[in-house]
Amino acid sequence: MKIGFIGAGRMGFTLGKHLTEQKEHEVVGFYSKTLASAKEAAEFTDTKYYEDLEKLVFDADALFLTVPDGQIAEMAKMLDPMMLSTNDKILCHTSGALSSQVFSGMHNQIFGYSIHPIYAVNSKLTSYEGFRDCFITLEGRPEYLPMWEKLFVSLGHKVKIIAASDKVKYHSSAVFASNLVVGLYQAACELLMECGFEHEEAECALSTLFLNNAKNIVTYGTKDALTGPVQRCDIETVKKHLMVLEGDKLTSYQAISKILAELAKSKALEQNQRGNTGEEEIRKAYEKLKKML
């Protein structure tokens, strides 16, 4: 299979470079509305650049649309007439939120796929270095799903096939684990700044705590990584926190702490199998905490 890329941004650079590491299929090159970007991507991946989009469509069996989400449907519409005389052409996008249904208006010979890496691609030139470790989700027509699964497994990835109807909920999960964490960290910095810290001091002060916690989550799982007043069912400390917080920080603290209370209750019940505290007492304590929240 010959693979082409439409779009030469961070994801195009990263995925294109990554796919050149396997030898079963060939990455033929890049097209971009900015010729200089296509040239740069081609040089980075040791492939070709295309000035003519139709030529890339002709040369490639599979096309990755590594363009912003809002441009995917528009690009598919542009490509449709170029593919009327072709058979078994494959179109893929790398959006986390959009499903393969974005290609559903095209003619029947198109096989559409959503191929999404759970990975923060923040650099055109260096993000490929850790890309092999990321989890890949696949969704689309059944005909070529096994081929894509085999390809990414061969590159060292864990792969999960999901349903098109789950794509938005799936993407919200990634936002919780990535983008919203940035918001929580910023809220933590702002609270320290209210205590007299400069922003740089706040980030420095929290960095070791944050990094160790992240390491514990990925090493031991959320349940065993959980510490703090909610984990201990320390109602008095949580009550004091609620008294000094306000606005979005208060509502965020309440909402997330209720999720943590369920996790902590589960952890406490598991530990109780080796102890003497009654199960009913544990359940009542955490229900009291959740009610207060």
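Dipole of the chain, Cα-centred, from +1 at each Lys and Arg C-beta and -1 at each Asp and Glu C-beta, to the nearest 20 debye?
Working: 33 positive and 38 negative charges, 179 e Å.
Charge dipole of the chain: 860 debye, to the nearest 20.
Relative to the present Cα-Cα distance, how much length would full extension add between Asn212 and Arg283 at 0.36 nm per residue of separation?
Values: separation 71, 0.36 × 71 = 25.56 nm, distance 2.93 nm.
Gain in length upon complete extension: 22.6 nm.
Would you work out the charge dipole size for segment 1-77 about its Cα centre, treating the Cβ of every Lys and Arg as +1 and the Cβ of every Asp and Glu as -1, and quote it to the nearest 20 debye?
With Lys and Arg at +1 and Asp and Glu at -1, about 120 debye.
For labels at Ser165 and Thr34 in the simple 7 Å Cα→Cβ model, what's the distance in nm?
In this crude spin-label approximation the distance works out to 4.1 nm.
How much accessible surface does Met83 have with a 1.4 Å probe, in Å² rounded to 10?
Here the accessible area works out near 0 Å².
Using +1 at the Cβ of each Lys and Arg and -1 at the Cβ of each Asp and Glu in segment 45-107, identify which of Leu98, Pro81, Phe58 lies farthest towards the dipole's positive end.
Most positive-ward Cα: Leu98.
Using a probe of 1.4 angstrom, how much of the accessible area of the chain is carbon and sulfur, in percent? Present the calculation step by step, with values, prior to reporting the outcome.
On the way: 8820 of 16600 Å².
Ligands and nucleic acids excluded, carbon and sulfur reach 53 percent.
Among Ser257, Met193, Ser32, flag the residue with its Cα farthest along the positive direction of the charge dipole of the chain, charges on Cβ as +1 for Lys/Arg and -1 for Asp/Glu.
Ser257
Helix 167-177 against the longest principal axis of the chain: what's the angle in degrees, Cα atoms only, rounded to the nearest 10?
It works out to around 50 degrees.
Indicate, rounded to the nearest 5 percent, the antiparallel portion of the DSSP beta bridges found entirely in the chain.
Values: 6 of 30 bridges.
Percent antiparallel among DSSP bridges in the chain is about 20.
Could you tell me the relative contact order of segment 101-239? Use alpha-carbon pairs under 8 Å, at least six residues apart, and round to a whole percent. Don't jump to the answer; show the numbers that get you there.
Working: 96 pairs, mean separation 19.3, N = 139.
Computed over segment 101-239, the figure is 14 percent.
For every other residue with a beta carbon closer than 14 angstrom to the beta carbon of Lys48, add +1 if it is Lys or Arg and -1 if Asp or Glu, then tell me the sum.
Computed value for this residue: -4.
Mind jotting down the three principal axis lengths of segment 142-293 based on Cα atoms? Whole angstrom, largest first.
Sorted from largest, the Cα extents of segment 142-293 read 57, 47, 28 Å.
Which one, Ala255, Ala73, Ala163, has the greatest fluctuation when you compute a Gaussian network model over the chain with C-alpha springs under 10 angstrom?
Ala255
Would you calculate a helix-derived [θ] at 222 nm for the chain, using -39,500 (n - 2.57) for each DSSP H run of n ≥ 4 and dividing by the full residue count, to the nearest 500?
Numbers: 13 runs with 155 residues, N = 293.
Value at 222 nm, helices only, nearest 500: -16500 deg cm²/dmol.
Taking a ≥ b ≥ c as the square roots of the eigenvalues of the Cα gyration tensor of segment 231-273, is the shape rounded (a/c under 1.5), prolate (a/b larger than b/c) or oblate?
On the way: a/c = 6.12, a/b = 2.06, b/c = 2.97.
Verdict is oblate for segment 231-273.
Going by the alpha-carbon gyration tensor, a ≥ b ≥ c the square roots of its eigenvalues, is segment 175-218 rounded (a/c under 1.5) or, if a/c is not under 1.5, prolate (a/b greater than b/c) versus oblate?
Oblate is the answer for segment 175-218, as a/c is 1.5 or above yet b/c matches or exceeds a/b.
Among Phe111, Leu145, Gly130, flag the residue with its Cα farthest along the positive direction of the charge dipole of the chain, charges on Cβ as +1 for Lys/Arg and -1 for Asp/Glu.
The residue sitting most towards the positive pole is Leu145.
Under a 1.4 Å probe, what is the accessible area of the chain per residue, stated in Å²? Write down the numbers at each step before the final one.
Working: 16600 Å² over 293 residues.
Counting only protein heavy atoms, the per-residue value for the chain is 57 Å².
Any idea how far apart Ser154 and Asp59 come out in nm if each label point goes 7 Å out from Cα toward Cβ?
2.1 nm
With +1 on the Cβ of every Lys and Arg and -1 on the Cβ of every Asp and Glu, and nothing else charged, how large is the dipole of segment 182-293 about its Cα centre, in debye rounded to the nearest 20?
Values: 15 positive and 17 negative charges, 140 e Å.
Rounded to the nearest 20 debye, it is 680 debye.
To the nearest 10 square angstrom, how much accessible area does Leu263 have with a 1.4 angstrom probe?
About 40 Å², rounded to the nearest 10.
Gaussian network model of the chain, Cα springs within a sub-10 Å range: biggest mean-square fluctuation belongs to which of Gln254, Gln109, Gln273?
Of Gln254, Gln109, Gln273, the most mobile in the Gaussian network model is Gln273.
Which one, Tyr49, Tyr253, Tyr128, has the greatest fluctuation when you compute a Gaussian network model over the chain with C-alpha springs under 10 angstrom?
Tyr253
Points 7 angstrom from Cα along the Cβ direction at Cys204 and Leu125: gap in nanometres?
Result for the modelled spin labels: 2.8 nm.
The values are calculated or read from the model by the stated rules, or taken from the named source; none is laboratory data. Quick caveat, the model's predicted, so the values are computed rather than measured. So basically every Cβ, Gly included, is an ideal-geometry build from the backbone, and we count neighbours across all protein chains shown. Only protein heavy atoms, including side chains, enter the accessible area calculation; ligands, DNA and RNA are left aside. Shrake-Rupley method; radii C 1.70, N 1.55, O 1.52, S 1.80 Å.
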